[in-house]
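The values are calculated or read from the model by the stated rules, or taken from the named source; none is laboratory data. Keep in mind it's a predicted model, so treat the numbers as computed, not measured. FYI the Cβ positions are ideal-geometry reconstructions off the backbone, even for glycines, and counts take in every protein chain you see.
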């Protein structure tokens, strides 16, 4: 069976001067195979991923794997512990507003320089090994700078250092009030059907600071540049990385966590990480969009809002999304106003509070969506 | 029909030096009758009361009243507008932590002094008039102090000044994640059946700073002291004041608001405020407790929590209330632990976040509860 | 020399489920003598007390003591670590606004019950021992309640349990932007001259939740009740407790910390805690008031404020305390307005931000102050 | 004399549904001349700029100008009014962490498209007029999007729309605890000596979201592309834009504000905005760096910090910048540790709180700085 080890990694220190740790759970299979890295709760209020990891560990205790699975739940010991009122202020560093999922490392120059060192004869395995080494070295250099680096980057880079070892990287998030959705790099489209997630966003090779991007942008750019430099050989992107959004923040649900762990196992099975498991994806409809068609509807005015469309619901252009109460006009026709869907859409998430200012992300939704083909299912 | 007027009252000024206003809606009946004062959202995230007031205004536009109804929605322009993350930090002054519903005025000495001025011959109506005048004068003195007063008190006193004019005072709140419940002073027990609220807390004559108390403690104490001083006459408490908790914070729901507006109208009908309305309370079970039996269960440890009991649910001692995930022990038997009900109880509300520290108010619930008798219903 | 031990006490657990510890430093003298308890930073942004404790420890390493000195720096691991913007949100629980220094235990009934158990023959030492035992038992009962208790109380009670063992209790705070001042219970007036603190507030036997009160109210009330019950014996209050405010929050200063440590050592010397030290108080003017004359000036309006009087400054009625800029009137005579001192006063502290709402504590100051007589000095 | 007008511009609406306004003060000279736009406090805690604008208005009431000066103090009505504890949480949107000074508009494509429409014959004045029109149109399009835009951008774009009309744009900020410094685009180097600001940062043509960049990047890029397209003509950048940091946040000081207003007037005089004023810059040393040499020193560990170097101080590599107290080691040699200057530097600002986590911006400073030549002075 799998070998299990657990350690605690010190990733930060707080105002008391105390070290802050993340737990690292590691399962090693008897057979060789892909390396998998899974983390959760880098946004401190998005706690459901921890439950998913709990259920994954339950699986991994009894399911022989190939290769290795590393799991880092509750990977942000700072963001998890900032309360403001009854909620967790977990999305950004309370000191400076930096998003906890925007400080990962990516430098295109590094890849250019790396490509320059390669010769036609080198095997892809050698190239991958050297590239991993090179990127991890660069991360290490960032972490060791004389002048230091900011907290979000510091935390992110230590996680990325672990993650960059892997062939498969899964970052577990949730939305605000949300239905399940997943970010999939366009080159890994085929993998989208293996998770049990009905809403899929295909994203381009563009770095915006998140973990999944910090992994796949490196490998995707490498593959592109290899294809340019050595066009006679065929190059693929050897690593996949995803962000999974499993429902709503501020909530945990064990049943739901088991469902999502099952979906991740189905994907790992598809990727040949499991020795002989019979775990297949669920037979559900999956709708996808390209990133440009994942739209945000911002409020034009502030006020108090009733959300009339549930995440996951399909609605038509002109349908009422929300009803706004205007407290200064309760006696007249302006008491209630409406916000309409600008297009046919699937609502994916909405803001978690009834009180909004102008410029608030009221809803996010899919427009111009399409259905994905099915794969063999459970 | 009723006469309607609207004004905006300046109750505070902000760091920009701008005045902050609350809307005051006023309906005056053609016939004399009780004065009613209703406010909402003194806790900024408890926005549902605004919807209830919207529906009350809809009623009052078409329902002839006796006396007067004054409605002040969104009565805390400061607390309504403090965001911290996506939620509203509406429960306390963000500067100093002072609860926005604990700065109202009550002084027993004032009542003692007032009683000393009375003679046996005075009519209760005269006494009430003089008492109102006296308390409002005292509030005014507080508001005019040379050295000033703190923001929460300042805001509260301006509202109390309006409210103290009334015979019936209703303060609209919500819980965190909660089922409907209502605070009823013990002397007004009979009124509890007229609202459409299934959970009732009977509270004693004890001032803790809230609006309802700041009204009824004055009148209740006055009645008690009158009974002592002039035992040969019979004295009742001439004013009723309630805090209604209509579901959960951070949410508005128009249907639910109509239901609660209907309940308030049924109560007002019972109190003879409506000329000829046929609005009766709903036929629902109503459970009550005395304040001591409204219990808070605090967490013993921090962690991530699944809430297994919904507000409104009746459970038995020993039933699982919540399931706790321990991220440092996901591989072993301590991964999941349970929090059990210490007694048979009705869950009334729970904490709105899955992330808790030790000492967090996890659940509040009724123990030793009893069913209230029914009244003629719809 | 003194025996030194250090331990870490677990006082809370956070949302990660991790234990949170406070360090407890303990010096035991070779000779018997008073027990001293000193803590700092229960308000998380008031960090200077930690520096004072550092310097006290430097002293205690080389200064033989009688009895015992227990030091608990950084005694609030929650409050110390809540950042909101660049500052520390350290004054109250960010979940519910509860002041971290208002959850200590005091129950007059306990003292009444205790007094009932005493007989005339018992020695004061026996009584003290029994009383300590009784109060600590009550604290323990609070901490062990089936339904639990709130975080601030939980934290406070664990500290009070340690502190109640002591004969001398010192709680190290700071003001916002402040000069040194100290709270002294009226019965311990004579001790006020031994600290090097120029501003003294004499406080009555009234419990408002703070640590010093939670100690001295118990002993003071006990002494009062003993005097009533056994008037033929002479009773004094055997324990002293103080809150020291050593300058401003959000700042540490090592030199200033040494100065204050020196003052505390001078007091301890006076109280016979040091074997043969030659540490005397400084020759400074000390001004005192009774609590009622320690006044807060609240703003009447919001705006932006220049503070024109430094903490420690003596000013006259009518002097300008602050200048307010009104951004909507920069072109006219209302551009600048003034806030005047309502009385002759010594400014003790002011609000730490230029931006104020109405109802903000702008200044606190002494009125009707008087000079304390001198004691033999350094 | 100058013509004065004042209006209030609605730039946002809050959760109460109320409009939020900024005051716009406008002085129009009798003679034609440059248009000047000055705003302050886009970061809500950086209030000193409002005082500077107050003093500028005092000047402009009596000093005849050429052209126009528009002044928008307190330009962020949201950020100014978010309190969290006693401080103002003014640097970023509390909902999502977005920096209030990073949502301005710049699109290089727009400039490319614009350049394509130009012919060799057009006068620069015509080009400028057309370009202004084009950029303002683009800003308007952003503001009118069907799906809306986020609050920070929304607020920023409305200000930029006003600012883009101007030839001179000045954005008034402060640092945390800071000495005066100014950001100057490299092409406008000569202007640096006219403000009374001793520390100058020369910045390249790189857009990072701030107001000054959103102005000068447009014009600078336009000038560069014009030089490329029409190399035979000589092109300069016709507009200057600066960010001035006038000391520390959370503080206002009228004298200091007058000093800075005087410096701005000296610059405006140099730019020919004043009819016949005799206002010259002060005779002070001015030190400058290129942006890369404006360094941030991040903490390696959390703890409590004494700042040993004042903003403005010149220190040597290896000098002590800060002293750190480690509360868990007060009894041993690790009690105090030191943070040293990695290079010779001028300290420009430091973090405003003694409590830091790892990864905190402890100090910012100039390395490789050089002295600017003098200009004729007062």
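Of note:
Here's the yes/no breakdown for (1) touching a residue at least 60 places away in the same chain (Cβ under 8 Å); (2) under 30 Å from residue B:55 (Cβ atoms); (3) in contact with a strand residue (DSSP E or B) (Cβ under 6 Å, 6 or more places away or on another chain):
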| site | (1), (2), (3) |
| --- | --- |
| A:224 | no, no, no |
| A:246 | yes, no, yes |
| A:265 | yes, no, no |
| A:276 | yes, no, no |
| A:307 | yes, yes, yes |
| A:320 | no, yes, yes |
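- Under the condition of being in contact with a helix residue (DSSP H, G or I) (Cβ under 6 Å, 6 or more places away or on another chain) and either more than 13 Å from residue C:211 (Cα to Cα) or at pLDDT below 95 (or both), the residues counted in region C:175-186 number 0.
- Here residue C:158 meets each of (1) assigned to a loop (DSSP other than H, G, I, E, B); (2) within 12 Å of chain B (Cβ to nearest Cβ); (3) in contact (Cβ under 8 Å) with a residue 60 or more places away in the chain; (4) touching a helix residue (DSSP H, G or I) at 6+ places or on another chain (Cβ under 8 Å) with one exception, condition (1).
- Filter result for residue B:40 (under 21 Å from residue B:164 (Cβ atoms) and within 14 Å of chain C (Cβ to nearest Cβ)): no
- Candidates are the residues of region D:311-322 that are closer than 18 Å to residue D:360 by Cα and away from chain A (no Cβ under 14 Å); the one that is farthest from the chain's Cα centre (by Cα) is D:320.
- Top-ranked residue of region B:51-60 - restricted to ones that are under 20 Å from residue B:28 (Cα atoms) and within 7 Å of chain A (Cβ to nearest Cβ), ranked as surrounded by the fewest Cβ atoms within 10 Å (Cβ to Cβ): B:57
- If you go through region A:338-348 and pick out every residue that is closer than 30 Å to residue B:24 by Cα and touching a residue at least 24 places away in the same chain (Cβ under 8 Å), you end up with 1.
- Where residue A:292 falls short, out of the listed (1) part of a helix (DSSP H, G or I); (2) within 14 Å of chain D (Cβ to nearest Cβ); (3) in contact with a strand residue (DSSP E or B) (Cβ under 7 Å, 6 or more places away or on another chain): (3)
- Exactly one residue out of C:343, C:371 is more than 21 Å from residue B:145 (Cα to Cα) and at pLDDT 95 or above: that is C:371.
- Some residue of region A:158-174 being modelled with pLDDT of 95 or more, out of contact with any strand residue (DSSP E or B) (no Cβ under 7 Å at 6 or more places or on another chain), surrounded by 21 or more Cβ atoms within 10 Å (Cβ to Cβ) and within 21 Å of residue A:47 (Cα to Cα): yes
- Flag for residue C:86 being without any contact (Cβ under 8 Å) to a residue 12 or more places away in the chain and over 17 Å from residue C:103 (Cβ atoms): yes
- Flag for residue C:122 being farther than 18 Å from residue C:271 by Cα and crowded, with 23+ Cβ neighbours inside 10 Å: no
- Residue list for region D:9-38, restricted to those being at negative phi, in contact with a helix residue (DSSP H, G or I) (Cβ under 9 Å, 6 or more places away or on another chain) and not in a strand (DSSP E or B): D:14, D:15, D:16, D:18
- Against the list (1) touching a strand residue (DSSP E or B) at 6+ places or on another chain (Cβ under 8 Å); (2) closer than 28 Å to residue A:88 by Cβ; (3) without any contact (Cβ under 8 Å) to a residue 40 or more places away in the chain, the condition residue A:205 fails is (2).
- Residue match in region A:6-26 (condition: crowded, with 24+ Cβ neighbours inside 10 Å, over 28 Å from residue A:248 (Cβ atoms) and touching a residue at least 24 places away in the same chain (Cβ under 8 Å)): no
- Residue within region B:231-240 that is more than 25 Å from residue B:104 (Cα to Cα) and either under 18 Å from the mean Cα position of the chain (by Cα) or not in a loop (DSSP other than H, G, I, E, B) (or both) present: no
- Residue C:367 touching a residue at least 12 places away in the same chain (Cβ under 8 Å) and over 30 Å from residue C:205 (Cβ atoms): no
- So residue D:78, is it within 14 Å of chain A (Cβ to nearest Cβ), at pLDDT 95 or above and more than 30 Å from residue A:344 (Cβ to Cβ): yes
- Within region D:94-114, restricting attention to residues that are assigned to a loop (DSSP other than H, G, I, E, B) and in contact with a strand residue (DSSP E or B) (Cβ under 8 Å, 6 or more places away or on another chain), the residue that is surrounded by the most Cβ atoms within 10 Å (Cβ to Cβ) is D:94.
- Every residue from region A:278-294 that is touching a helix residue (DSSP H, G or I) at 6+ places or on another chain (Cβ under 7 Å) and either free of Cβ contacts under 8 Å to residues at least 40 places away in the same chain or surrounded by 18 or more Cβ atoms within 10 Å (Cβ to Cβ) (or both): A:279, A:281, A:286, A:288
- For region D:115-155, the tally of residues that are part of a helix (DSSP H, G or I) and touching a strand residue (DSSP E or B) at 6+ places or on another chain (Cβ under 6 Å) stands at 1.
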